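Each reported figure results from applying straightforward, stated rules to the coordinates on display, with no laboratory input. All of these numbers come straight from a predicted model, not from anything done at the bench. Methodologically, a virtual Cβ is constructed for each residue, glycine included, from the backbone with ideal geometry; neighbour enumeration extends over all protein chains shown.
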Ligand SMILES: [Zn+2]
């Protein structure tokens, strides 16, 4: 495979090895082996900046302009772990209430400007 626009983003398996392993295990357990095999190559393209304390979600593909399109599906692997899949690609990983994940992402991808500017 050649370089993708996300090629310089950190690998999920490097940034969050425990989460990557957990994802692989949960996907394989549900018979989603093709998806499980893609976990190793996933990159953390962008983290969610919704500002919620509970949120440790992130994009593994560049976010679309609008919706993800007709091939978009959700897989709830656990109450705190929900995958967004388009076709055969994991594009977004919703991680809720997992401080370890949220903190690791915040360290790896700090906010561009310090402080909050919410009304
Ligand atoms: Zn969020």
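Here are some notes:
- Here residue 69 passes the criteria (1) away from the ligand (no atom under 16 Å from the Cβ); (2) touching a helix residue (DSSP H, G or I) at 6+ places or on another chain (Cβ under 9 Å) except the one numbered (2).
- Flag if residue 104 is more than 17 Å from residue 10 (Cα to Cα), more than 14 Å from the ligand (Cβ to nearest atom) and not in a strand (DSSP E or B): no
- Condition broken by residue 97, with the remaining ones in (1) at negative phi; (2) within 16 Å of the ligand (Cβ to nearest atom); (3) surrounded by 12 or more Cβ atoms within 10 Å (Cβ to Cβ) satisfied: (1)
- Residue match in region 52-59 (condition: free of Cβ contacts under 8 Å to residues at least 40 places away in the same chain, more than 12 Å from the ligand (Cβ to nearest atom) and closer than 15 Å to residue 10 by Cβ): no
- Checked against the criteria, residue 83 counts as assigned to a strand (DSSP E or B) and either within 16 Å of the ligand (Cβ to nearest atom) or surrounded by fewer than 18 Cβ atoms within 10 Å (Cβ to Cβ) (or both).
- Which numbered condition residue 88 misses (of (1) away from the ligand (no atom under 16 Å from the Cβ); (2) within 14 Å of the chain's Cα centre (by Cα)): (2)
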